Every structure is written in C-alpha cells, then in structure tokens.
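Comments concern the structure below.
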Amino acid sequence: MFAKSIRWRLQLWVAFLLACVLSGFGVAVYQLQRVHQLNQVDEELGRRAAALSSALRGESSPRPFERGPRGPPLEPGPGGPGRDNGLFPPPPDRPEPRPPDEGGNRPFGPRERRLSPEATRMFDAAGTNNFYLAVWSYDGTLLKCSTNTPANLPCPERIATDTRLHARTRANDREAFHFTEMGDCVLAGCSLTAYANAMRRFTGLLLAVGGVVLALGLGGGWWLTGRAIRPIAQISAAASRISAGNLSERINVAEADNELGHLAAVLNSTFARLEAAFAQQRQFTADASHELRTPLAVIISEAQTALARERKAAEYRETVEGCLSTAQQMRRLVESLLELARLDAGQEAMKPERFDLSRLARQCVDLVRPLADRRSVKFDLDLPPVECLGDAERIGQVITNLLTNAVEFNRPEGEIRVLVDAEQSSALLQVADTGEGIPAEDVPHIFERFYRVDKARSSHRGGTGLGLAICKAIVDAHGGSIEVSSQPGAGSTFTVRLPLP
Ligand code: ADP
C-alpha cells in the first residue's frame, strides 16, 4: 500500500533527502568541533611545555612557541613517538640545536642537571591542575615528572636538531613535547576525558537538533503533500457522486490553483458537456414520445368517433383517409428518428466519392421545382462546376431539405437563390430565400431536434422539426459545417461547407 501511495512515496523521498543532508551536515560540524577542541587542548599543552622550557632555562617569562601557517589538525593517534604536527615550526632566529653526542659543549648529564626552584614548583601535583609534566635528559633519563604523571611514561623518540613542538596521543592522554637546544625533552600532557565528554555532549546536541529538524521536515512534507493531493480525493469523490447519477455535481477548484486545479477544471467542463448531452437525450426522448403520442391520439380519437355509431360509407372513408394521413406523418417521423439514431451511432456509413456539387444542386432544384411552381417561387441559380468529396446521395438529401424549407417558408412569388462556389479549402453551397426569416432568438436553436419556430404552423404542414437536425448530422459526418443567417421579414441564408477532394 505504501509503495503505491503518492503521499508515502513523496514522504520517503523527503525523508531520504533530509537524512542525507542532515547526516552530511552533522558529520562536517562534528569534525570541525573535534578539530577545534583538540586544537584548544594542544594550545594549552604547548603553553605549559613552553613555560616549563623557560623555567628550565631560568627565564622569568615563558618563550612561546611560534605558530607557523595552520596545517591539518593534530590527529590523536596510537601511543608512541609523537608526529610533527607542523603547527609550531622553529623560529627563524633560534640557534641550531646541538646534537647531544657531538663534541664540544656536551649537555649536562643526568646527575649534573639541576632544575631551578621555579621549575621544581611546576611539578607540584596541586599546581598541575590535571596536566602532568615530565623532563628527560638528552640521553633519555627521566629527570623530573609531576606526581600525577602516568607510570612508565615513555620518552618521545628523539628527532635530531628539531626543537619544534610535537604532539602525540597515547591511549586516553594527549601530550605535547619538544626538545630543547640542550637536548633535553620537555613534555606536558593531560587526560582526554574532558575532551571526550565535551564531544559526547556535542554529539548529543547534534543528534537532538538533527532529530528536531528531521521531524519538522517530515511533518512539513506530510502536511504539504497532504494539501497538494487533497484535490485528488475531491476529484474522485465528485466523480463517484457524478457516476452515481448526480450530473449537476462539480469539483470545487477554488482551492487548487495548480496542475490538479487545471485537471479539475477540465473534468468539470467534461461533466458539464456530459450533463448537457444527457439533458439533450432526455429532451429528445420526451419530444419524440410527445410527437408520436399526438398522431396516435388523433388516430384513436378518429376511430372511436367513427365507431361510436353507425355511419355512412363516405363518413367511414373520410375517417380512414384522416387516419392514413396521420399514420403517414407518423411514419415520416419514425423514419427521421431512425435516421438520426443511425447517424448518431455512426451506423449510416458515408460513401465518399467525387461529384460535381453544381450538378447535384441542379437535380435537387428540379426535384423541388413543382412545389415552388405551386407557390410561384422563382429560382436564381449560380452554379459553376465545383468538384466535391462526399456521399452524393446524402448531400442531395441536405440540399433538397434546404430547398423545401426555402419554398415552404418563402412568401408567395418569392425567390430562391442557389449558389455553388469553391473556397480555399472547401466547397460552398448557399440557399437564400426571400421568406419571413427566423427571429434572432431562434437562430441558435434552429438545428436542434424538434425545434420549430412556429410549432402550430409547422405541424399543420406536416413538419417534424427534424429536417435541419438531420442536415447538420449529415454535414458533420462529412467533416463540413452548416450555418444560417437570417433577417426577419427579409429572408434566410443557409450556408453549407464541404471538404474539397
Ligand atoms: P420542419 O420539418 O419543421 O421543417 P426543420 O428542421 O426543417 O423542420 O426546420 C425547423 C424549423 O426551422 C422550421 O419549423 C422553421 O420554423 C424553421 N425554418 C427552417 N428553414 C427555414 C427558412 N428557410 N425560413 C424560415 N424558417 C425556417
């Protein structure tokens, strides 16, 4: 479950990054602190070794060891001879130390060596304050050591002509030593227990701070990812409610002004389109039932009236003729519904072929001409040859429908102008009449199913309100477009655009 959850994956990644950064930072800080602490110990030891050296020489104030450029920190290493830490190079004006075994002024032997009273006082255990001191003569004989000096303290290995301060770590002790010009070895040391305790306390502090930062980072990360993915939960909850039937439900996008907010907005518009499609479907079913119920009611009522009493043959004939006409109207309606259903389902396969749109338009005009003649409507044709790609039979159905409407909604002795033209990327067909026109508020709905501007009049002439809807479905199936512009009282112009071959 954890591996699949986005929140947990993000949380694990944040935890991993934080752990890496914090441990890297902690190790660096720990090392710096360790070096700093050890340097402090070394400096204190160096000061004491210098004081002891000066006291041995009988000087009143200690000669400090001069510091050279800072090198790497002294490493507490295993016991044994100290290593040159490079921190205290010999002063340039200091005379070269004289090797003890060379001729001339030989250094004092163990028995000859005498410590000044000041130097002797420095070995008083009470005054050493946890530090211990030791002095060896040039031949390695321990001359003097403080009372707290560890037993069997080994004399550092002699480094010829080197009077610089060295440091070494033995077990839990840190020692600084140097060889005097006379060849004696002076050593100051101390236990590293206090240093180790300080480092332990510092480690504890680092761990505590690291733990707090880790907890804050993880808590903040958990809260942020929670906030970031909350819209996902909202989206899935809204989607569940919508799939349960509440199509008017929408996702609240106000809180998510990010990628998920955009996703929610896209889903909302999809839900809105779905809702509109479902509403249209419901309306269509209701309209279709209503349209079928009316002629059925007419047939039933006519039949009941005829059967109510004995009638003459002519009356029966009239009733049957009325029923027949109503049934034919029903058949037209059912056929139109079936055709629309097939077009919607994509079952009405279009047979694309090249055809001359002008020739087809002329054939359709010839088909409608008898109807136009009855109403004394004239045709004005502008039909240059234009090649077009599509199902000629279906396109002919569209043109005939538009021409029939142009005749029926025209004024008597009106005119119909039919124009075919080739545009840049499409073939154009226009049917313009001089009829009553369509009110502006009806224009956007004119291609909707069962939409009729004047329902009573349209029904009276046998219109179903499906003709333009079928035209639009056919043109859409060809990848074309159909639109209308109308001026009430002056006429309407229907424009169809179809793909060129
Ligand atoms: P009908 O079967 O009612 O003609 P249509 O879908 O063909 O159905 O037309 C829908 C409605 O559009 C018509 O009832 C009519 O009100 C309006 N209409 C269609 N063509 C024209 C036109 N050329 N002039 C004015 N109104 C029109």
Review point. D366 versus (1) away from the ligand (no atom under 13 Å from the Cβ); (2) at pLDDT 95 or above; (3) more than 28 Å from S325 (Cα to Cα): which is the lone unmet condition?
Key: (3)
Study note, to complete from the structure: Only one of D373, D366, D356, D344 is out of contact with any Leu (no Cβ under 8 Å at 6 or more places or on another chain) and open to solvent by less than 70 Å² (accessible area, probe 1.4 Å), namely D356
Check your understanding: How many residues, within the stretch 363-410, are closer than 16 Å to T434 by Cα and among the small types (G, A, S)?
Key -> 3
Point to revise | So P385, is it open to solvent by 30 Å² or more (accessible area, probe 1.4 Å), farther than 25 Å from E348 by Cβ, of a type outside the set (S, T, N, Q) and assigned to a loop (DSSP other than H, G, I, E, B) | key: yes
Point to revise | R230, sole failed condition from (1) touching a helix residue (DSSP H, G or I) at 6+ places or on another chain (Cβ under 9 Å); (2) modelled with pLDDT under 85; (3) surrounded by fewer than 14 Cβ atoms within 10 Å (Cβ to Cβ); (4) more than 30 Å from L18 (Cβ to Cβ) | key: (4)
Check your understanding: For the stretch 131-149, what are the residues that are open to solvent by less than 60 Å² (accessible area, probe 1.4 Å) and β-branched (V, I, T)?
Key -> V135, T141, T149
Check your understanding: Among A392, A406, which is the only one that is over 18 Å from T493 (Cβ atoms), crowded, with 17+ Cβ neighbours inside 10 Å and not charged (D, E, K, R)?
Key -> A392
Exercise for review: Could you tell me whether any residue of the stretch 276-285 is of a type in the set (F, W, Y), crowded, with 16+ Cβ neighbours inside 10 Å and touching a helix residue (DSSP H, G or I) at 6+ places or on another chain (Cβ under 8 Å)?
Suggested key: no
Practice item. Enumerate the pairs (first residue in the stretch 405-424 and touching a residue at least 24 places away in the same chain (Cβ under 8 Å); second residue anywhere and within 12 Å of the ligand (Cβ to nearest atom) and of a type in the set (K, R)) with beta-carbon separation below 7 Å, excluding pairs fewer than 6 apart on the same chain, so at least 6 apart or on different chains. Key: E408/R461
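The values are calculated or read from the model by the stated rules, or taken from the named source; none is laboratory data. Just so it is clear, the structure is predicted and the values come from calculations on it, not from any experiment. A quick note on method: Cβ atoms are made from the backbone with ideal geometry, for glycine too, and the neighbour counts reach across all protein chains shown. Accessible surface areas use protein heavy atoms only, side chains included; no ligands, DNA or RNA. Shrake-Rupley method; radii C 1.70, N 1.55, O 1.52, S 1.80 Å.
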